[in-house]
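Each remark here refers to the structure printed beneath this line.
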Amino acid sequence: MAKKDTPSKKQGKPRVHKELSGFEVSIDQFGELKTSMNIEKINSFLDKNVDDKKLLEKEETERLRKLKKKK
């Protein structure tokens, strides 16, 4: 028999960064995400605080190609 999901004992709002205080996300009956904050503000926060893995990998591969060309 499959294990049933049990709700966690800890209820309430999760901790968030002070710049994102008041940020909430919900899903409506049509499956659309509804947020309490403007998406541009969220994107600017992410740009400042999160490194983009794809850009880092691209920079690393370019650096390796340059090193190979020098040899």
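The numbers here are math on the coordinates, done by the rules we state, and not lab data. Everything quoted here is computed from the prediction, not taken from an experiment.
See the values below:
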read-out	value
Stretchable slack from GLU19 to GLU57, in nm (0.36 nm times residue separation minus alpha-carbon distance)	10.8 nm
For the stretch 58-65, 3J(HN,Hα) per residue [Karplus equation, 6.51 cos²θ - 1.76 cosθ + 1.60, θ = phi - 60°, Hz, x = Gly/Pro]	5, 4, 5, 5, 5, 5, 5, 5
Phi-based couplings in Hz for the stretch 25-41 (Karplus 6.51, -1.76, 1.60; Gly and Pro marked x)	10, 9, 10, 7, 5, 9, x, 8, 7, 10, 10, 8, 9, 5, 4, 5, 5
Nonlocal amide H pairs with MET37, under 5 Å, H built at 1.01 Å	GLU24
